1. Using a Förster distance of 51 Å, how high is the FRET efficiency between residue 129 and residue 219, based on the Cβ-Cβ distance and rounded to 0.05?
2. How many angstrom separate the Cα center of segment 138-191 from the Cα center of segment 1-31?
3. Once you place label points 7 Å from the Cα toward the Cβ at residue 82 and residue 229, how far apart are they in nm?
4. I want to verify a result. In a Gaussian network model of the chain, Cα cutoff 10 Å, which of these has the top mean-square fluctuation: 165, 71, 98?
5. How long are the three semi-axes of the equivalent ellipsoid of segment 193-264, in whole Å, if each is the root of 5 times an eigenvalue of the C-alpha gyration tensor, listed from largest down?
6. With springs only between Cα atoms under 10 Å apart, run a GNM on the chain and tell me which of 120, 97, 230 wobbles the most.
7. Could you list 106, 83, 161 so that the one with the fewest beta carbons within 10 Å of its beta carbon is first and the one with the most is last?
8. In deg cm²/dmol, rounded to 500, what helix-only [θ] at 222 nm does the chain give when every DSSP H run of at least 4 residues adds -39500 (n - 2.57) and the total is split over its residues?
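Derivation of every value follows stated rules applied to the coordinates shown; laboratory data play no part. All values derive from a computational prediction rather than experimental measurement. Here the Cβ positions follow ideal geometry from the backbone for every residue, glycine too, while neighbour counts run over all protein chains shown.
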Ligand code: NAP
């Protein structure tokens, strides 16, 4: 299927690896120009090279990168200094740490809310009016299955991302909808990335179980029987960004291999 977005410009945050990289890769494969962001310059440069090498038409796509912290005003300024207008924005940053809510002070909460709620809101605010003026726009926020099925040790994520989810639900139904701008959230369950590796590693250190045993047990809990891949995640993201998804807005799209047990 031709997604109809070749030649569009996308901003993809948190894209030097993992799910953000998967999204950037799927978009570049569709002929979308991308500006990717992450803090580590070396990994980001390597990711940009990989995106170009992977593209079927390397001469017809641009891949730019900005090595900044997207959760800071300076980071976002650097992005918009590079390019002001985007047709597609994929918001993403690292997830907050796990822990016990009794240990989280105001500073921990502000950091989580900044990264996983206010940063996407700032990026949406900076881009949707330009999208509406041009009659096409796609916002995809990478959130988490924890928005739908909260995980106790991920309270910072459950809380901050739920705030974003409520905000997006309202804006998606604003007059922007009739001007070609869709806003959706894409909720990963368990995908095989460094984030999952870090969380499994932490569980192994805490419980004394082996990493392999934990991975096997986790995957056995997922009806599909395995973790998802960043490539699969990117393909869903690219569809949400496509011309075919113009009637799909304000939704929370869960990609979890069937792990959520509810009918809806
Ligand atoms: P990952 O493999 O650790 O990759 C995170 C990416 O984001 C890296 O490129 C990282 O590069 C970048 N990043 C982190 N903080 C950033 C910041 N402040 N500014 C700019 N870039 C930043 O993580 P992932 O698994 O792809 O997860 C992506 C998001 O989905 C996270 O919020 C995570 O909590 C959420 N999620 C993931 C899963 C899963 O199964 N993987 C499940 C549920 C939710 P630098 O460190 O160099 O900046």
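1. Numbers: r = 43 Å, r/R0 = 0.85.
With R0 = 51 Å, the Cβ-Cβ based efficiency is 0.70.
2. A separation of 19 Å, based on Cα centres.
3. 2.7 nm
4. Sorting by GNM fluctuation, first place goes to 98.
5. They are 30, 14, 10 Å, listed from largest to smallest.
6. 97
7. Final ranking by Cβ density, sparse to dense: 106, 83, 161.
8. -13500 deg cm²/dmol
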